[in-house]
1. Looking only at residues in region 115-152 that are of a type in the set (Asp, Glu) and without any contact (Cβ under 8 Å) to a residue 60 or more places away in the chain, which one is nearest to ligand 1 (Cβ to nearest atom)?
2. Of all the helices (runs of 4 or more DSSP H) wholly in region 1-102, which have at least 2 residues that are modelled with pLDDT of 50 or more?
3. Starting from residues that are assigned to a strand (DSSP E or B) and small (Gly, Ala, Ser), keep the ones in region 296-348 and report whichever is surrounded by the fewest Cβ atoms within 10 Å (Cβ to Cβ).
4. Of the numbered conditions (1) within 13 Å of ligand 1 (Cβ to nearest atom); (2) more than 14 Å from the chain's Cα centre (by Cα); (3) more than 22 Å from Tyr161 (Cβ to Cβ), Arg289 fails exactly one; give the number of that condition.
5. If you take the residues in region 183-208 that are part of a loop (DSSP other than H, G, I, E, B) and within 14 Å of the chain's Cα centre (by Cα), which one is farthest from ligand 2 (Cβ to nearest atom)?
6. Please verify whether region 77-84 includes one or more residues that are buried (at least 17 other Cβ atoms within 10 Å of the Cβ) and within 16 Å of ligand 2 (Cβ to nearest atom).
7. Can you find even one residue in region 177-192 that is modelled with pLDDT under 95 and farther than 22 Å from Thr111 by Cβ?
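The values are calculated or read from the model by the stated rules, or taken from the named source; none is laboratory data. For clarity, every value in this text was computed on a predicted model and none was experimentally measured. All Cβ positions, even for glycine, are placed from backbone atoms using ideal geometry, and neighbour counts span all protein chains on display.
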Amino acid sequence: MQRSRNKITTIRKAGFRRAAFLLLPSFLLLSGLLLASCETVPAEKTRTVFALNTVISVTYYDGKDREAVDRALASLAEYERIFSRTDPESELSALNASTNIAVPVSEDLFTVMKTAWQISEWTDGAFDCTLGGISDLYDFTGTHRVPSDEELEELLAHTGYEKVVLDEENRTVTKLDAGLKIDLGAIAKGYVADRMKEELMNAGVKRAILNLGGNVLLIGDKYGASGQQFSSSPQKGLFAIGIRDPESETPLATLYLADYSLVTSGTYERCFYAENVLYHHILDARTGRPVRNGLLSVSVVSSDSMTADALSTACFVLGEEKSKELLLRFSEVRVIFVNEEKQIRKIE
Ligand code: ADP
Ligand code: MG
């Protein structure tokens, strides 16, 4: 009988510099926590790459799946050519360079934008994928700087989801403002995760953990049984996924899931301190400043990762009360709000 290899996968939205940390100590330190349940599950193997500006890994259990996993990871390059904001040759960059012309776009780009723009309408612009210019001012992934009020004011004039027109029939997008920069960072990783899962399942993969910089998406349960399952206590066969405490290796909460996606948006990713003030990457569309509403993180469990990704950001910017109205539109999502005191509240 093979020894149990249970572990908790702590959700960590990591930059590349954290890759080693992601792969080694957190898994090892946490791996002891669930050994008591003593299940017999084949040893897992993990393949990791850096893409879409983050660390992406697939954990799989069946040796025969290795090729399919490698192919799925290789296909990330295709999605980078669509969604990347840093690659000047990407489809998104070409769209961002256009003004007042209907640009034909790929199905992938249109699908993501359509969902994002729908959520912008539903949140009255609190979720807004046109804040790219403002994000750039903070240079979160580079030198870090605090923009002046004047800079923010100037760029805020070139934001607003209503300045971008989506034409579904002709599958075109028209940007009405030359200075506006579309940034799909709040949703694209979820979409790519869904496509990867589809690809892996089509190749016969029955159990796996996809982790796109903290966007977790599961295939099956640990035994390869299909069907979505959720539990707040350990259950045989379910994957244990921790919600990260940025100050500790012990997760704030652990969910036990099969086949679901769990995505977290938090203030502790892509952030920096200046004069003891935290500047993080989730922005208030009205002011261009980081959202300060007492939340540390928002996690969303959903059957698809695009919804979980978009909603984690949207619910973060809305806060718990205002999220309730938005969440009425989504059946079967669970949302976990963690405030700065690390108190946890759930909407199910
Ligand atoms: P991560 O990039 O860590 O996965 P999120 O999914 O929460 O985190 O998305 C945050 C990203 O979304 C930011 O880095 C930025 O690109 C973009 N963004 C920031 N504020 C907003 C907002 N109010 N609405 C939509 N997108 C936003
Ligand atoms: Mg998101």
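1. Of the residues in region 115-152, the ones of a type in the set (Asp, Glu) are 121, 124, 128, 136, 139, 149-151.
Filter again for without any contact (Cβ under 8 Å) to a residue 60 or more places away in the chain, leaving 121, 124, 136, 139, 149-151.
Working: Glu121: 13, Asp124: 12, Asp136: 10, Asp139: 12, Asp149: 18, Glu150: 21, Glu151: 17 Å.
So the residue we want is Asp136.
2. 66-74, 76-83, 91-97
3. Step by step, filter region 296-348, then rank; the result is Ser302.
4. Of everything listed in (1) within 13 Å of ligand 1 (Cβ to nearest atom); (2) more than 14 Å from the chain's Cα centre (by Cα); (3) more than 22 Å from Tyr161 (Cβ to Cβ), Arg289 misses just condition (3).
5. If we take residues in region 183-208 being part of a loop (DSSP other than H, G, I, E, B) and within 14 Å of the chain's Cα centre (by Cα), then Asp183 is farthest from ligand 2 (Cβ to nearest atom).
6. So far as region 77-84 goes, yes, one or more of its residues are buried (at least 17 other Cβ atoms within 10 Å of the Cβ) and within 16 Å of ligand 2 (Cβ to nearest atom).
7. Residues of region 177-192 modelled with pLDDT under 95: none.
There is no residue in region 177-192 that is modelled with pLDDT under 95 and farther than 22 Å from Thr111 by Cβ.
Yes/no matrix, rows are residues, columns are (1) within 16 Å of ligand 2 (Cβ to nearest atom); (2) touching an Asp or Glu at 6+ places or on another chain (Cβ under 7 Å); (3) among the charged types (D, E, K, R); (4) under 30 Å from Gln229 (Cα atoms):
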residue	(1), (2), (3), (4)
Glu275	no, no, yes, no
Val300	yes, no, no, yes
Thr307	yes, no, no, yes
Ala310	yes, no, no, yes
Ala314	yes, no, no, yes
Glu320	no, no, yes, yes
Phe337	yes, yes, no, yes
